[in-house]
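Peer 1: Have a look at this one before I ask anything.
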Amino acid sequence: MKITVLGTGGGGRAHAAKLAELGHEVFVGTRDPRATLARTEPDMMGNVPYGQWLADHPGITLLPFGEAAASADELVINGIDGHNAVAALSAIAGRLDGKTLVDYGVPFVYQHESEHPWPTPWGVMPKLDPCDTDSLGEQIQRALPGTKLVKSFVTQEQTTVVNPKAIGEGDHTMFVAGDHADAKQQVTDLLKAYGWTDILDLGPLVCARGMEMYAHMHSAIGFGLGHRFGGHFGIKVVR
């Protein structure tokens with residue numbers, strides 16, 4: 001299958017590499033491929049320059065966002081950062097019509113003032129906006145009415161999403177939410193191909209609010225485990 005990943009950060013790289021390993025034809029979208037390939041320094045998370053990474057993963061094609069989205073058969077994974085996702089996806093809405101879009105973004109606002117800031121090992125914890133009464137997933141769905149949005153992958157580091165057995169031999173839970181049953185089944189099938197065995201359908205897309213708000217708990221658990229960034233652990237819903 002032809003599958004597209006939008007975004008060139010660490011999460012997008014994890015999905016692109018795994019999809020290629022599974023035998024899919026993979027397209028990666030970025031705002032400006034030439035600028036992306038011209039970078040020679042690691043990104044803010046310490047990932048090697050994308051051109052170097054791409055050279056180590058032959059067969060993956062880098063394209064502008066719109067061309068990459070159009071290249072997918074049915075499934076697109078959104079790895080664009082939460083702050084820019086709605087605008088970037090709205091600009092290519094026509095290329096996403098009729099397709100399933102999996103979103104794992106969190107609507108973090110990094111530059112903000114807080115009366116009671118949460119200090120972390122790397123600075124002040126970003127705030128969530130929207131929160132409680134809306135979600136990034138719902139905003140994307142409203143902006144792309146012709147696309148089937150599924151919220152998933154949010155509650156784990158993306159390296160764990162594509163390799164669940166790296167934690168507890170895979171005995172932990174992944175979540176999906178969305179308003180289109182067929183799209184959720186597509187995402188569930190992909191998760192099973194990644195190796196997930198415990199996948200919990202939370203129901204309609206409004207449940208994306210809970211998944212996105214969990215991001216702060218994910219960080220807190222990671223800090224408690226001594227991890228500076230993210231966290232290599234799983235969560236399990238015990239029935």
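Peer 1: Does the stretch 58-74 contain at least one residue that is within 19 Å of residue 157 (Cβ to Cβ) and either at pLDDT 95 or above or in contact with a Cys (Cβ under 9 Å, 6 or more places away or on another chain) (or both)?
Peer 2: First pass over the stretch 58-74, keeping only residues within 19 Å of residue 157 (Cβ to Cβ): none.
Among the residues of the stretch 58-74, not one is within 19 Å of residue 157 (Cβ to Cβ) and either at pLDDT 95 or above or in contact with a Cys (Cβ under 9 Å, 6 or more places away or on another chain) (or both), which makes the answer no.
Peer 1: Of all residues in the stretch 196-239 being in contact (Cβ under 8 Å) with a residue 40 or more places away in the chain and aliphatic (A, V, I, L, M), which is surrounded by the fewest Cβ atoms within 10 Å (Cβ to Cβ)?
Peer 2: Here the answer is 237.
Peer 1: Taking the stretch 125-154 on its own, how many of its residues are of a type in the set (Gly, Ala, Ser) and surrounded by 21 or more Cβ atoms within 10 Å (Cβ to Cβ)?
Peer 2: 3
Peer 1: If I ask for residues that are closer than 20 Å to residue 38 by Cβ and in contact with a strand residue (DSSP E or B) (Cβ under 6 Å, 6 or more places away or on another chain), which ones from the stretch 64-78 would you list?
Peer 2: Correct list: 65, 68.
Peer 1: Here's another thing I want to ask about it. Would you pick out the residues in the stretch 180-238 that are under 21 Å from residue 165 (Cα atoms) and among the basic types (Lys, Arg)?
Peer 2: Across the stretch 180-238, the qualifying residues are 192, 236.
Peer 1: Within the stretch 39-78, track down each residue that is open to solvent by 60 Å² or more (accessible area, probe 1.4 Å) and not hydrophobic (A, V, I, L, M, F, W, C).
Peer 2: 39, 40, 41, 42, 52, 56, 58, 59, 67, 73, 74, listed by residue number.
Peer 1: Also: Could we say that residue 30 is at pLDDT 95 or above, of a type in the set (S, T, N, Q) and open to solvent by 30 Å² or more (accessible area, probe 1.4 Å) here?
Peer 2: no
Peer 1: Further question on the same structure: Residue 173: open to solvent by 20 Å² or more (accessible area, probe 1.4 Å), out of contact with any Pro (no Cβ under 9 Å at 6 or more places or on another chain) and of a type in the set (Ser, Thr, Tyr), yes or no?
Peer 2: Taking the combined requirement at face value, the residue does not satisfy it.
Peer 1: For the stretch 1-43, which positions are under 17 Å from residue 194 (Cβ atoms) and polar (S, T, N, Q)?
Peer 2: Of the residues in the stretch 1-43, the ones under 17 Å from residue 194 (Cβ atoms) are 1, 3-5, 10-24, 26.
Result: 4, single match.
Peer 1: Identify, please: which residue in the stretch 87-114 is among the small types (Gly, Ala, Ser) and surrounded by 15 or more Cβ atoms within 10 Å (Cβ to Cβ) and is, among those, nearest to residue 185 (Cα to Cα)?
Peer 2: Here the answer is 105.
Peer 1: With the condition kept exactly as written, say whether any residue in the stretch 131-149 is of a type outside the set (S, T, N, Q), under 20 Å from residue 16 (Cα atoms) and either in contact with a strand residue (DSSP E or B) (Cβ under 9 Å, 6 or more places away or on another chain) or not in a helix (DSSP H, G or I) (or both).
Peer 2: yes
Peer 1: Also, I was wondering about something else. For a quick check of your reading: which helices (runs of 4 or more DSSP H) sit entirely within the stretch 1-111 and have at least 1 residues that are in contact with a His (Cβ under 9 Å, 6 or more places away or on another chain)?
Peer 2: 10-21
The values are calculated or read from the model by the stated rules, or taken from the named source; none is laboratory data. Remember, it's a predicted structure, so these values are computed and weren't measured experimentally. No Cβ is skipped: glycine too gets one built from the backbone with ideal geometry, and neighbour counts run over all protein chains shown. Ligands, DNA and RNA are excluded from the accessible area calculation, which covers all protein heavy atoms including side chains. Shrake-Rupley method; radii C 1.70, N 1.55, O 1.52, S 1.80 Å.
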